[in-house]
Every structure is written in C-alpha cells, then in structure tokens.
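Data first, discussion second: the structure below is written as structure tokens.
None of the figures in this text is laboratory data; all of them are computed from the coordinates on show. Note that the structure is predicted; figures quoted are calculated from it, not measured. Because the Cβ atoms are built from the backbone with ideal geometry, glycine has one as well, and the counts that use them run over all protein chains shown.
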Amino acid sequence: MNIQILKSKIHRVKITQAELHYVGSITIDEDLMDAANLIENEKVHIVNINNGERLETYVIKGRRGTGEICLNGPAARKAQVGDIIIIISYAGMDFEEAKTFKPTVIFPDEQNRVI
C-alpha cells in the first residue's frame, strides 16, 4: 500500500509579491527551495495563515538570496503582500518506508532567509 506523507515544509514565510497577470504558480527563492528539498515544477499546497485560504500550485525557481515568495496568476487573489503562508509538499511511498521517512521542515526568519 502507498500513502501520501509530508515531504517538505517551509513554515511561515511572508508573501513578497503577487502577480495576477501571469501563467500561474508560486515563485520561491532558490535558497529556500534547496533548504526545503523542493524542486522546480513540484506540486505544493499553500496555506495562508492570515485568511485561511488553501490552494495547490507548482514551484517556479526564484532569485537566490532575495527571500522572494510570489503568488502568480489566479493564486495571487488568495493572498496579499505581507501575508504569512506555509508551503507544503507531499510524497507517495510504501507504508513501511513511510514509517521511517523524515521530512524536511525549515523555519525561515522574518525576511524569508534560511536560518
């Protein structure tokens, strides 16, 4: 049996930009992506702490070292610049493997930098 479990989480980062007229996705600073074990085009869930919104999208690589977190396309309507979000990805794996798997969870600082 395969199950979905937490793979990666960026806990509490601040939205720095929202671009409504864009194809869609979330742009994430490449330093944060590396630290959280996320790759470009990976599916993620976004949870907005400020308004309770939840959405699914995919990752676009942002400029390294900028702290950039930008919701693009229709997702831009789900948050405002300054909102705090959690970015989550999941992985499917065998039930027994999942029992010992350790997810990557990071807690960036207030400027969205890796601590």
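At a glance:
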| read-out | value |
| --- | --- |
| Simple spin-label estimate for Glu42 and Tyr22 in nanometres, 7 Å along Cα-Cβ | 1.9 nm |
| Farthest positive-ward along the chain dipole, Cα basis, beta-carbon charges - from Ala35, Ile115, Val47 | Val47 |
| Candidate values [x] 14.2; [y] 15.6; [z] 15.1, label of the one derived for Kirkwood radius over Cα pairs in Å | [x] |
| DSSP-defined beta bridges in the chain - what % are antiparallel, rounded to 5 | 70 percent |
| Pairwise label distance in nanometres, Glu56 with Thr100, each label 7 Å out on the Cα-Cβ vector | 3.0 nm |
| Ile115-Lys14 pseudo-label distance in nm [points 7 Å out on the Cα-to-Cβ vector] | 1.5 nm |
| Cross-link reach list, lysines versus Lys99, counting only Cα pairs under 29 Å and skipping chain neighbours closer than eight places | Lys7, Lys9, Lys43 |
